[in-house]
Every structure is written in C-alpha cells, then in structure tokens.
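To start, the structure itself, in structure tokens.
Derivation of every value follows stated rules applied to the coordinates shown; laboratory data play no part. These numbers come from a predicted model, not from an experiment. No Cβ is skipped: glycine too gets one built from the backbone with ideal geometry, and neighbour counts run over all protein chains shown.
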Amino acid sequence: MLKLAIFGSGSGTNCQAIIDAIEAGTLDARIQCILSDVEDAYILERARKHGIPAIWFDCAPFKSKLDGDAEAKVLEILADHDVNFIALAGFMRIVKDGLLKAYEGRMINIHPSLLPSFPGLNGGKQAFDYGVKYTGCTVHFVDAGVDTGAIINQKMIAIDDDDTLDSMMEKLHAQEHIAYPEALRWIAENRIRRNGRRITIE
C-alpha cells in the first residue's frame, strides 16, 4: 500500500481529490501526513478535517527551496510517520538532493501544463499568454530538474476563444483532479513500467 505524504503550499484542491479517491475506495493508499511550508495554508485545514496529521515546517532562511535544516527536519517527519511515497500538490519550493535521494522514484508532482511545454512557475498562465489552443496538466516523477521528470499521466483541454485565464484554469483544475488520483492508482496497482524516460501503463 502507498503510505503517502502530501506536500502543498496553498489551498490543496489536488490533495482533496486524492483524499476523496481514497475515501471512495478507488485508490488503495493511506495518507500518513500532510505537510506545508505555509503556516496558514488551507491544505492543512483539509488534513485536520479528515483526521490526518497536519504539519507546518519552516524553510527559513531559504525563499524558494527545501534544503538545509528544514530538509533534515522533513526527513525526520517522514520517517516518524512511516511514509513510503510523496505526492507534491502545489508545493512551491524546489526539492533538493537529500529528499530526492531518500525518495528516489517515489516522489511525483502535478504541473499545470502539457510538459515539456511551459515548465516552471505559472505554467497555465504561460500557456494562456502564449496563445496555444490546447493545454492541460501533467503528472510526473520528480528529479533534480524543474518539471523534467518522466511523465506518468497527462490530460488535455481546449482553450476556447471566449476563455479567460480564470475559466481556462477552472477547466484545467478539473482535469488535474482526475489525473492525479489516476496516476497514484496506477502506481499503487504496480501498473507502471519504466524504460528510461518512457513510461507505459499495463
């Protein structure tokens, strides 16, 4: 069974989608803890509402990465909660070597674009501003690059002529809430096969 830690920095809608899938019996996993680098992030309130340990950790002095003493503390938390897999869900920091090595091949992320297009911050806005007709979301393994890990799952949406950024993002988020639990289910069911960067689902 996947024994998950979910990391997030914001409202946690993808976290909620994972919780809902577990509670509905469509994902064989247990959430051991939910962590945030933002003390008042709503993702922690979601954890409390479902009786899941909600843990804030301070990343100071770093502004954009999880490193140093904070990384060491997080590794202790994960060990204490018997975590064997990490799902990043709107976690707005770069993960560094200590966590990457400890959870190599056992950490995934969701990104609001069809990678490799529009990596980095605000992928959805990047796509909208560029004027593409289609975009979507990507669930991928986490590696040392920024949104460069092997792709597990993607969902596509059309950007209609009358879409605003907000309406496009609403459609995109709806697909994220499908794609993330689906990818975790494939992993939990041992259906993923890797050949270099290429991933197939059995």
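Remark: relative contact order (the range 64-123) = 37 percent; criterion is Cα-Cα distance under 8 angstrom and separation of 6 or more residues. For the range 79-171, the dipole from Cβ point charges (+1 on Lys and Arg, -1 on Asp and Glu) about the Cα centre works out to 300 debye, to the nearest 20.
Please identify, among Asn109, Asn153, Asn190, the residue showing maximal mean-square fluctuation in a Gaussian network model of the chain using a 10 angstrom Cα cutoff. Residue with maximal mean-square fluctuation among Asn109, Asn153, Asn190: Asn190.
With an 8 Å Cα cut-off and a minimum separation of 6 or more residues, compute the relative contact order for the range 1-142 in percent.
So the answer I get is 23 percent.
Largest GNM mean-square fluctuation across Arg106, Arg191, Arg46, computed for the chain with C-alpha springs under 10 Å, falls on Arg191. If you sort the three axes of the alpha carbon gyration tensor as a ≥ b ≥ c, you get a/c under 1.5 for the chain, which makes it rounded.
Given +1 at the Cβ of Lys and Arg, -1 at the Cβ of Asp and Glu and no other charges, the dipole of the chain around its Cα centre is 640 debye to the nearest 20.
Listing Tyr103, Tyr134, Tyr180, Tyr42 from fewest to most neighbouring C-beta atoms within 10 Å gives Tyr134, Tyr42, Tyr103, Tyr180. Note on Lys125, Lys63: ascending count of other Cβ atoms within 10 Å places them as Lys63, Lys125, the fewest first.
Taking only complete DSSP H runs, can you tell me which helices of the chain stretch 15 Å or more along their own long axis by Cα positions and average at least -1.0 on the Kyte-Doolittle scale? It would help to have the intermediate numbers written out before the result.
Working: long enough: 13-24 (16 Å, 0.56); 68-80 (18 Å, 0.26); 165-188 (34 Å, -0.23).
In the chain, the long hydrophobic H runs are 13-24, 68-80, 165-188.
Given charges of +1 on the Cβ of Lys and Arg and -1 on the Cβ of Asp and Glu, with all other atoms neutral, how large is the dipole of the range 1-104 about its Cα centre, in debye to the nearest 20? Before the final figure, lay out the partial values.
On the way: 11 positive and 16 negative charges, 34 e Å.
My answer is approximately 160 debye.
Over the chain, what is the percentage of antiparallel beta bridges among all DSSP beta bridges, to the nearest 5? So the antiparallel bridges amount to about 45 percent of the total. Note on the chain: with a GNM built from Cα contacts shorter than 10 Å, the maximum mean-square fluctuation among Gly98, Gly25, Gly90 falls on Gly25. Think of the range 132-202 as having a plus end and a minus end, set by charges on the Cβ of Lys, Arg, Asp and Glu; of Ala183, Ile201, His140, Ile201 sits farthest toward the positive end of this dipole.
Cut-off is 10 Å between beta-carbons; in what order do Met156, Met92, Met168 appear when sorted fewest neighbours first? Write out the running numbers ahead of the final one.
Numbers: Met156 11, Met92 15, Met168 20.
Least to most surrounded, the residues fall as Met156, Met92, Met168.
Computed from phi, the 3J(HN,Hα) profile of the range 89-102 under the Karplus parametrisation 6.51, -1.76, 1.60 (θ = phi - 60°) reads 9, x, 8, 9, 10, 7, 7, 9, 4, x, 6, 4, 6, 5 Hz, with x in place of Gly and Pro. Given a cut-off of 18 Å, name the pairs among Lys73/Lys96; Lys3/Lys63; Lys101/Lys155; Lys65/Lys101; Lys133/Lys171; Lys65/Lys155 whose C-alpha atoms lie farther apart than that in the structure shown. Where the Cα-Cα span goes over 18 Å, the pairs concerned are Lys3/Lys63; Lys101/Lys155; Lys65/Lys155.
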